[in-house]
1. Among ARG201, ARG194, which is the only one that is over 24 Å from PRO81 (Cβ atoms), part of a helix (DSSP H, G or I) and under 15 Å from the mean Cα position of the chain (by Cα)?
2. When you scan region 20-40, do you find a residue that is farther than 20 Å from PRO159 by Cβ, of a type in the set (A, V, I, L, M) and open to solvent by 20 Å² or more (accessible area, probe 1.4 Å), even just one?
3. Can you tell me which residue in region 159-170 is nearest to GLU76 (Cα to Cα), limited to those that are in contact (Cβ under 8 Å) with a residue 60 or more places away in the chain and not hydrophobic (A, V, I, L, M, F, W, C)?
4. Only one of these conditions is not met by ALA156: (1) in contact (Cβ under 8 Å) with a residue 24 or more places away in the chain; (2) outside any loop (DSSP other than H, G, I, E, B); (3) open to solvent by 40 Å² or more (accessible area, probe 1.4 Å); (4) within 30 Å of TYR73 (Cα to Cα). Which number is it?
5. Residue under question is LEU94, and the condition is that it be open to solvent by less than 80 Å² (accessible area, probe 1.4 Å), in contact (Cβ under 8 Å) with a residue 40 or more places away in the chain and closer than 22 Å to CYS13 by Cα; does it hold?
6. Which one of LEU64, LEU23, LEU83 is within 27 Å of ASP190 (Cβ to Cβ) and in contact with a Cys (Cβ under 8 Å, 6 or more places away or on another chain)?
7. Suppose we keep only residues that are over 19 Å from the mean Cα position of the chain (by Cα) and β-branched (Val, Ile, Thr) within region 111-169. Which one would you say is modelled with the lowest pLDDT?
8. Filter region 66-91 down to residues that are open to solvent by 80 Å² or more (accessible area, probe 1.4 Å) and not β-branched (Val, Ile, Thr) and give me whichever is farthest from SER9 (Cα to Cα).
Amino acid sequence: MTNMMALYSSENCIDCHRVRVVLAEKGINVEIIHVEQDRAATADLAELNPYGETPTLVDRDLTLYGTWVVTEYLDERYPHPPLMPVDPVSRAYLRLAMYRMFRDWIDAARIIETSGGEKKVAAARKQLREGIISSDDLFGVKPFLLSDELSLADCALVPLLWRLPAYDIDLTARQAPNAIKYMERMFARDSFKRSLTEVERILREGE
């Protein structure tokens, strides 16, 4: 390993993508190691992380894993631009929004990705689709998710929204006009484009 920060990542992993979005937004110089392309990285990962999972971040003598741990560390280690509000009340509200996002949406996405049985996948797909549609007003309140500035909540959510076609979830402008506009804005960001792997780009190929 060099002294450069390194991220052990997977090419199509929603958790890894969340970290890559944060790295891109902050313009952090990092070596991204895709474990699928490097057999030696798999052995390294087993030594660095007791769970052998991606994402795993190595910053000199520090090794971190757990997506929330990694993204909050990056925001504190590289405070500009900040991805969390300064005051504790606003931070708590944002963390609560992320908690609900994970319980209601990202957990459903994991079921779809792991194909945990036809009925469970169908129920998860319905939960995710209807949850986004019913929350459409939230996407129209401010330029970003519940905030005037980009936050860790956006960094967590946009990788999921990018994967909707792969989850066989189609949203129309009539059903979720604010969510559609939000996605268009977020997907157009240079930082988001830089966060994508080639495998992830294909998820929306032709759009």
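1. Numbers: ARG194 fails: over 24 Å from PRO81 (Cβ atoms).
The conditions single out ARG201.
2. Within region 20-40, one or more residues are farther than 20 Å from PRO159 by Cβ, of a type in the set (A, V, I, L, M) and open to solvent by 20 Å² or more (accessible area, probe 1.4 Å).
3. Taking region 159-170 as the starting set, the residues that turn out to be in contact (Cβ under 8 Å) with a residue 60 or more places away in the chain are 159-160, 162-163.
If we keep only those that are not hydrophobic (A, V, I, L, M, F, W, C) as well, we get 159, 163.
Values: PRO159: 21, ARG163: 28 Å.
Per the stated criteria, the residue is PRO159.
4. With respect to (1) in contact (Cβ under 8 Å) with a residue 24 or more places away in the chain; (2) outside any loop (DSSP other than H, G, I, E, B); (3) open to solvent by 40 Å² or more (accessible area, probe 1.4 Å); (4) within 30 Å of TYR73 (Cα to Cα), ALA156 is out only on (3).
5. Numbers: open to solvent by less than 80 Å² (accessible area, probe 1.4 Å): yes; in contact (Cβ under 8 Å) with a residue 40 or more places away in the chain: yes; closer than 22 Å to CYS13 by Cα: no.
Against the criterion (open to solvent by less than 80 Å² (accessible area, probe 1.4 Å), in contact (Cβ under 8 Å) with a residue 40 or more places away in the chain and closer than 22 Å to CYS13 by Cα), LEU94 does not qualify.
6. Numbers: LEU64 fails: in contact with a Cys (Cβ under 8 Å, 6 or more places away or on another chain); LEU23 fails: in contact with a Cys (Cβ under 8 Å, 6 or more places away or on another chain).
Among LEU64, LEU23, LEU83, only LEU83 is within 27 Å of ASP190 (Cβ to Cβ) and in contact with a Cys (Cβ under 8 Å, 6 or more places away or on another chain).
7. Result: VAL141.
8. PRO88
The values are calculated or read from the model by the stated rules, or taken from the named source; none is laboratory data. As the structure is a prediction and not an experimental result, all values here were calculated from the model. With ideal geometry, Cβ positions are generated from the backbone for all residues, glycine too; neighbour counts draw on all protein chains shown. In case anyone asks, the SASA skips ligands and DNA or RNA and just uses the protein heavy atoms, side chains included. Shrake-Rupley method; radii C 1.70, N 1.55, O 1.52, S 1.80 Å.
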